[in-house]
1. Suppose we filter segment 562-581 for residues that are among the basic types (Lys, Arg) and part of a helix (DSSP H, G or I); how many remain?
2. Among the strands (runs of 3 or more DSSP E) contained in segment 40-125, which hold 3 or more residues that are crowded, with 22+ Cβ neighbours inside 10 Å and of a type in the set (A, V, I, L, M, F, W, C)?
3. Determine if segment 636-656 includes at least one residue that is touching a helix residue (DSSP H, G or I) at 6+ places or on another chain (Cβ under 9 Å) and over 20 Å from Thr545 (Cβ atoms).
4. Of all residues in segment 480-499, which are surrounded by 20 or more Cβ atoms within 10 Å (Cβ to Cβ) and within 12 Å of His568 (Cα to Cα)?
5. Cβ-Cβ distance below 6 Å, separation of 6 or more or different chains: which pairs start in segment 579-605 with a residue that is charged (D, E, K, R) and end on one that is open to solvent by 20 Å² or more (accessible area, probe 1.4 Å)?
6. Of all residues being assigned to a loop (DSSP other than H, G, I, E, B) and among the small types (Gly, Ala, Ser) in segment 652-692, which is farthest from Ala566 (Cα to Cα)? Just the residue, please.
7. How many residues are of a type outside the set (Ser, Thr, Tyr) and open to solvent by less than 90 Å² (accessible area, probe 1.4 Å) when one looks only at segment 728-742?
8. Considering Ala522, Ala518, which residue is in a helix (DSSP H, G or I) and closer than 16 Å to Ala644 by Cβ?
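The values are calculated or read from the model by the stated rules, or taken from the named source; none is laboratory data. All figures in this text were calculated on a predicted structure; none of them were measured in a lab. With ideal geometry, Cβ positions are generated from the backbone for all residues, glycine too; neighbour counts draw on all protein chains shown. The accessibility values were calculated without ligands, DNA or RNA, using every heavy atom of the protein model including side chains. Shrake-Rupley method; radii C 1.70, N 1.55, O 1.52, S 1.80 Å.
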Amino acid sequence: MNLFNFNDPNFLPWLIPVGPLLAFFIITLATNRSKLIPATSPKYGGHHPDYDGMLVPVVTDWSRVASIIVGMSGIIAAWLISLNVVGQALATEHFGEHVFASSMVWLDAGLTSFRIGVLVDPLTTVMLIMVPLACTMIFIYSIGYMANDPRQARFFSLISLFAGAMLTLVVADNLLLMFVGWEIMGLCSYMLIGFWFEKESAYKAAIKAFTTTRVADVIMLLGIVYLYSQTGTLNFRDIVYNEAVLNTLANTPALLVGGLSAASLIGIFLIIGTIGKSAQFPLHVWLPDAMEGPTPVSAMIHAAAMVSAGIYAIIRMYPLFAAGADPTHGVFTPPLMLMALVGSFTALFAATIAVAQNDVKRVLAFSTISQLGFMMAALGVGAYVAAAFHLITHAFFKALLFMASGSVIHGMEHGEHHVHEHAHGHAHGHDDDHGHVLAHDTHDHDVTHEHVDIADEHSGKPAAKPAHFDPQDMRNMGGLRKTMPVTFWTFLLGGLSLAGLPLVTAGFWSKDEILASAYYSAITQNQLGAPLIVFIALVLAATLTAFYTMRQIGLTFWGEARTEEAKHANLGRGVVPIAMTLPLIILAFFAVFAGFVGVPEDFPIFGAIFSPEHNWFHHFIGPTLLQEPATHALNWIPVLFGSAAALGGIGLGWLMYWRKPLVAGQADPLVEIVGGDLYRTLANRYYLDELYQVVFIRPARWFADNVAAEFIDRGIIDGFLHLIARVFTWIGDFLKVLNLWLIDGFGDGVPQLINAFGGWFRRIQTGHIQQYILLAAAAALLIGLIFAVSTGILQAAGG
């Protein structure tokens with residue numbers, strides 16, 4: 001491979017994440033410059049009393065512009081390179097058998113080495129169509145949405161890193177590099193959910209998201225390590241395109257777990273990672289609170305990155321989960337059963353919660369959880385192509401809906417500022433049409449959720465006016481179609497696609513594929529167990545999806561304004577409305593037309609128009625894995641069930657919220673239908689957060705405070721360390737005494753003795769010459785005597 005050939009499709013994928021990642025470093029190190037101003041200044045927000053008297057950093061004007069240019073340049077570069085790669089992939093015959101790939105040694109590990117590389121196959125190709133496009137739209141939208149945020153440069157650096165991490169995950173050719181992108185996205189979600197860290201609810205939501213997903217990620221990492229220990233590789237193609245490896249994993253007993261194969265245990269570990277990342281029950285609780293971050297972050301998490309990464313990872317490794325299974329004949333592996341049951345339950349469970357939410361973004365948050373459940377359930381019944389199809393279409397209309405909801409919030413805040421200005425005669429620090437720079441999404445929800453008290457609604461009396469105005473509460477809206485027509489029409493198109501309006505929306509075609517696959521799996525070989533449960537649960541979830549979507553649009557846009565703020569809601573003037581509405585229009589196009597690439601070829605009229613030869617999406621994605629799944633003949637039963645679910649939910653929503661729109665002070669009609677107790681339970685998410693508080697959080701805190709901190713840390717660890725300190729203190733004292741007595745005594749005693757001897761010896765120095773002569777004579781006599789004795793002279797003389 002020529003590393004400098006920029007037309008080589010094997011090399012180009014390396015460059016796709018480079019633009020956003022480079023933008024992150026440039027903004028962080030060079031263009032993110034700010035000046036310190038008082039916290040009470042309108043340019044900062046002026047509504048953070050804890051910051052009174054403090055100087056806080058606010059991005060300079062040139063830094064704001066430079067950071068936007070750098071961030072946009074990075075994502076546009078990624079988009080253009082992606083389009084180049086996609087074009088070459090679509091022009092390659094039998095693409096899937098022949099893919100674009102290259103790798104190099106990353107880390108030597110003795111006899112083996114970890115390699116880092118890129119891979120572009122059919123699945124990567126469709127992701128490279130969706131992810132850069134959605135990210136680009138979100139970047140453009142952020143220019144307007146964050147127009148006067150004091151940390152806009154920091155925001156663009158973080159979403160650039162976010163986009164770069166997702167693109168790294170998409171083009172990775174192995175699980176290890178994918179996991180690196182996976183974890184970087186987790187870090188970005190933590191920093192962006194808590195972007196407005198002045199709010200207690202925001203930083204607590206960030207911590208909640210980070211810790212919840214880390215629990216799942218640790219288990220996922222165990223699965224990756226176990227897979228490497230069994231195969232010696234983490235490369236996708238080496239595993240999923242190798243029948244011998246898959247058969248070995250399917251026939252090898254799992255370590256320490258009886259009754260499971262190694263493939264099943266590894267698959268379960270990887271699925272748990274996806275359950276956390278894609279917010280499936282029971283690890284779904286972090287995603288609704290992630291709405292504390294800016295709305296573009298919500299769009300990134302729910303559409304272009306983060307939660308979709310979990311589904312993408314499962315599709316990428318799907319043959320591993322299905323090793324030893326035959327879903328079309330009712331033979332399911334434990335990983336497939338886990339996905340089918342968790343996915344179908346989550347789809348229905350989250351949809352029931354969404355029907356009773358009043359926050360415009362939290363409805364969409366639970367909708368995302370539910371739609372990801374559809375994809376998980378599809379994977380469980382063997383329909384990985386249908387799951388990939390819905391992953392793509394969902395990304396388009398959910399990004400549209402989140403950004404449209406952000407426009408609604410922005411417009412409501414603008415209306416709130418207008419009311420304040422006229423009520424008090426001044427702007428309270430809101431110095432432009434964009435409004436309060438930190439006002440977006442800053443309503444004070446509790447980090448777990450907003451407890452809903454519906455006593456007034458249940459009694460039919462007007463609800464008490466809240467202590468503060470919440471620009472995200474749909475009960476404060478109504479009639480916004482008049483002041484925000486572009487947002488209304490794009491929101492309506494995205495909502496109808498989410499609801500699955502038959503034939504004319506992308507959501508219908510992708511959701512219909514999932515229902516058809518579940519139904520086919522249920523009736524094949526008379527296997528009416530789990531697949532039938534999946535089918536029924538998904539039909540019910542589809543009905544609720546259509547209902548809560550119409551409820552949301554009706555409460556937000558239809559009827560007359562229920563507050564003064566809603567009467568004056570709009571996007572203001574200048575670059576803000578352009579930057580915020582242009583992405584909505586573009587995404588609305590894809591929310592409608594993206595589904596036509598997957599129309600079944602035998603579907604009447606539409607099949608002849610859009611799939612004259614074959615289902616393009618199915619036959620393009622199929623070769624991603626070892627064996628392309630078979631297509632099934634059109635069955636009208638799931639089509640009719642899906643259409644009835646969509647139309648029934650839409651019709652019910654229209655009857656309740658459109659035919660007679662709510663007026664100010666009127667109770668939600670849903671309360672009377674389901675009852676106050678059930679409504680309260682749904683609105684408060686079945687009190688699962690409270691249950692987790694009792695079962696997990698409080699015991700964990702008690703254990704941390706009393707066992708870990710007091711007994712283990714202070715009692716055992718500190719006690720042991722203090723004992724060691726005391727022992728060594730005693731040894732030090734002993735050595736000090738030994739040093740004083742022996743070393744210092746000997747060291748000081750010798751010179752003292754020499755000094756004493758010198759003092760005594762000085763006494764012979766009298767200065768009298770006679771004494772010196774006498775001593776010399778005595779010495780000579782003594783020497784002579786010794787010499788005479790030693791030589792025997794005296795003995796000879798005596799003899």
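1. 1
2. Correct list: 112-120.
3. No.
4. Initially, segment 480-499 is screened for residues surrounded by 20 or more Cβ atoms within 10 Å (Cβ to Cβ), giving 480, 484, 487-488, 490-491, 493-499.
Scanning segment 480-499 gives Leu480, Met484.
5. If the second residue must be open to solvent by 20 Å² or more (accessible area, probe 1.4 Å), the pairs left are Glu601/His614; Asp602/Leu634.
6. Start the filter on segment 652-692 by keeping residues that are assigned to a loop (DSSP other than H, G, I, E, B), which leaves 658-668, 675, 684.
Imposing the further condition that a residue be among the small types (Gly, Ala, Ser) reduces the set to 664-665, 667, 675.
Working: Ala664: 11, Gly665: 14, Ala667: 18, Gly675: 29 Å.
Of everything passing the filter in segment 652-692, Gly675 is farthest from Ala566 (Cα to Cα).
7. Within segment 728-742, residues that are of a type outside the set (Ser, Thr, Tyr) and open to solvent by less than 90 Å² (accessible area, probe 1.4 Å) number 6.
8. Ala518
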